[in-house]
Amino acid sequence: MGLTFLDLLNGGTEFQIDTEFNDHEGDEYFLDDDYGSADEDDERYKQLQTPWERTFDELRQEMDQINEHIYKRVTKAGVGESIPDSTRVVIEYNAFLEGESKPFDSTTLRDKPHRFVVGKDYVLLGLEQAVRTMRVSEEAQFVIAYQLMYGEIGCPPRIKPKADVLFVIRLISATPVGDGEALAKLNETERRTYATVKDKVTEIRQYARDCFQRNLVPNAIVKYLEAVNTLQTCQLKDEAEQAEQQKTLIALYTSLAVCYNRRDRPKDACRMVNELRRLCDVSKSAKILYQEGKALMSLGEYDRARKCLLRAQQLEPQDEIVQQVLKQLNDRSVKHQQEEKKIWSRAFGLAEKKEKQLSAEDTELLDNMKQTIQLFVEDVGSSTLPLPDGLTDRELTLMDQLASELNLKLNVHVTNNKKTYKLQK
């Protein structure tokens, strides 16, 4: 949140710090980072040099006048519309004083883009008015008069009195923030009317997405769930509204699966995917399959996870994120098998040794095995544990007794006349 001079004059302010921000996670589904270029060092040097060495009055002659205090020159056109209120923007900028070759303020030097919500007085008025005229991906130069910057006094000793400023700005992204209380403001009659609810749900989704981008994921979950619950209880007047409601619910449940995976709550993510199965054919959605695969991998369901991710890769063969997670899955699966082999070798080694010493004392043997199985029981991320091949009938009998004692299930699966056994919580 920005800090204004008025806040300081009125007795101070309260700070709330977001966790690290990554704007390019705003898609709600996949990551897509692309800030740099092959010539980053050279570009960085150029950005830290003023693009104009003569007077600002001469520069204004080559610019378009926006208003009495702002002149603008576009160096790279953007896309979309200009920026309205309640939009979170992310910009890179370098600010120069007249006659100086180096910036006095620079996101390039900080190596981090600046973000703020338009219309909330989070930045100097001149900078906000300049950004309002821009479009996403646009790069532009602005000469902004001192009246909209640091005023007649300036900010000594760095900013002299009545100092105009040259800003070089790139608008990286612009995301509607939305009203997080949009649904709460509705009365009971309005909450039952789909035509009213759908517009408010759009506001809530924008707000939740903004929370997600700022890594305030629990806040996003609360708002997505609020939108789901409200949509499900409002009255639909025809099939068109039903189809629109279903489409929105699919987007909401998918976003919830993303959020739950981000919060390391894979069971809840799988629960969202099960809700999606009631609404659509998930086998045709790479986004949903990707989230289900991630959740299943966290739960130790490696075979099912691989099936989901391979299908997602089939639908989106060029997606590098799916490929990376598949590699992670394979690495984790191999490591799990190696650890499992060590665990069972140790477990049955202890069992065989105890059996020779105390052949009549199956209780002692079970205690030894129990210590090893307890590792699986205490692993909250695993729900099944495949048993090694080649177990004897006696070992299986003891394992069945142990499973019953620890409230586990010993399951057998037959494939091509071959039996495999698994412990399941």
Original post:
Does the stretch 214-229 hold any residues that are open to solvent by less than 60 Å² (accessible area, probe 1.4 Å) and touching a helix residue (DSSP H, G or I) at 6+ places or on another chain (Cβ under 6 Å), and which are they?
Top reply: VAL217, ALA220, ILE221, LYS223, TYR224, ALA227, VAL228
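Yes/no matrix, rows are residues, columns are (1) within 16 Å of ASP303 (Cβ to Cβ); (2) of a type in the set (A, V, I, L, M):
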{"position": "VAL377", "(1), (2)": "no, yes"}
{"position": "GLY381", "(1), (2)": "yes, no"}
{"position": "GLY390", "(1), (2)": "no, no"}
{"position": "MET399", "(1), (2)": "no, yes"}
{"position": "LYS409", "(1), (2)": "no, no"}
{"position": "LYS425", "(1), (2)": "no, no"}
Original post:
Out of (1) farther than 30 Å from GLN49 by Cα; (2) open to solvent by 50 Å² or more (accessible area, probe 1.4 Å), what's the single condition that is false for VAL201?
Top reply: (2)
Subject >> Output for the stretch 37-67, where each listed residue is part of a helix (DSSP H, G or I), open to solvent by 50 Å² or more (accessible area, probe 1.4 Å) and either modelled with pLDDT of 90 or more or not acidic (Asp, Glu) (or both) >> reply: ARG44, TYR45, LYS46, GLN47, ASP57, GLU58
**OP:** Looking only at the stretch 99-106, decide whether some residue is touching a residue at least 24 places away in the same chain (Cβ under 8 Å), aromatic (Phe, Trp, Tyr) and assigned to a strand (DSSP E or B).
**Re:** no
Original post:
Does the stretch 84-96 hold any residues that are of a type outside the set (S, T, N, Q) and surrounded by 19 or more Cβ atoms within 10 Å (Cβ to Cβ), and which are they?
Top reply: ARG88, VAL89, VAL90, ILE91, GLU92, TYR93, ALA95, PHE96
Original post:
In the stretch 280-295, which residues are without any contact (Cβ under 8 Å) to a residue 40 or more places away in the chain and of a type outside the set (Lys, Arg)?
Top reply: CYS280, ASP281, VAL282, SER283, SER285, ALA286, ILE288, LEU289, GLU292, GLY293, ALA295
Subject >> So ARG311, is it open to solvent by 30 Å² or more (accessible area, probe 1.4 Å), at pLDDT 90 or above and in a helix (DSSP H, G or I) >> reply: yes
**OP:** State the number of residues belonging to the stretch 68-83 that are over 30 Å from GLN213 (Cα atoms), part of a loop (DSSP other than H, G, I, E, B) and open to solvent by 50 Å² or more (accessible area, probe 1.4 Å).
**Re:** 1
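One line per residue, one yes/no per condition, for (1) open to solvent by 40 Å² or more (accessible area, probe 1.4 Å); (2) acidic (Asp, Glu); (3) touching a strand residue (DSSP E or B) at 6+ places or on another chain (Cβ under 7 Å):
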| residue | (1), (2), (3) |
| --- | --- |
| ASN187 | yes, no, no |
| THR233 | yes, no, no |
| ASP238 | yes, yes, no |
| GLN245 | no, no, no |
| LEU249 | no, no, no |
| LEU256 | no, no, no |
Original post:
How many residues does the stretch 119-154 hold that are buried (at least 20 other Cβ atoms within 10 Å of the Cβ) and touching a Pro at 6+ places or on another chain (Cβ under 7 Å)?
Top reply: 1
**OP:** Find the residue count for the stretch 107-138, including only residues that are under 25 Å from the mean Cα position of the chain (by Cα) and assigned to a helix (DSSP H, G or I).
**Re:** 3
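Given the options GLU275, GLU292, name the one that is surrounded by 24 or more Cβ atoms within 10 Å (Cβ to Cβ), over 15 Å from ALA220 (Cβ atoms) and charged (D, E, K, R).
Numbers: GLU275 fails: surrounded by 24 or more Cβ atoms within 10 Å (Cβ to Cβ).
Going through GLU275, GLU292 in turn, the sole match is GLU292.
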Original post:
Taking only pairs six or more apart or across chains, which ones have beta-carbon atoms under 6 Å, a first residue in the stretch 398-425 that is not assigned by the TED database to the domain that holds GLY300, and a second residue that is of a type in the set (Asp, Glu)?
Top reply: LEU410/ASP400
Original post:
Can you tell me which residue in the stretch 380-405 is farthest from the chain's Cα centre (by Cα), limited to those that are closer than 30 Å to ARG265 by Cβ and assigned to a loop (DSSP other than H, G, I, E, B)?
Top reply: LEU387
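The values are calculated or read from the model by the stated rules, or taken from the named source; none is laboratory data. Note that the structure is a prediction, hence the values are computed from the model and not measured. Using ideal geometry, Cβ is built from the backbone for each residue, glycine included, and neighbour counts are taken over all protein chains shown. The protein model used for the area step is the full one, side chains on, heavy atoms only, and it has no ligands, DNA or RNA in it. Shrake-Rupley method; radii C 1.70, N 1.55, O 1.52, S 1.80 Å.
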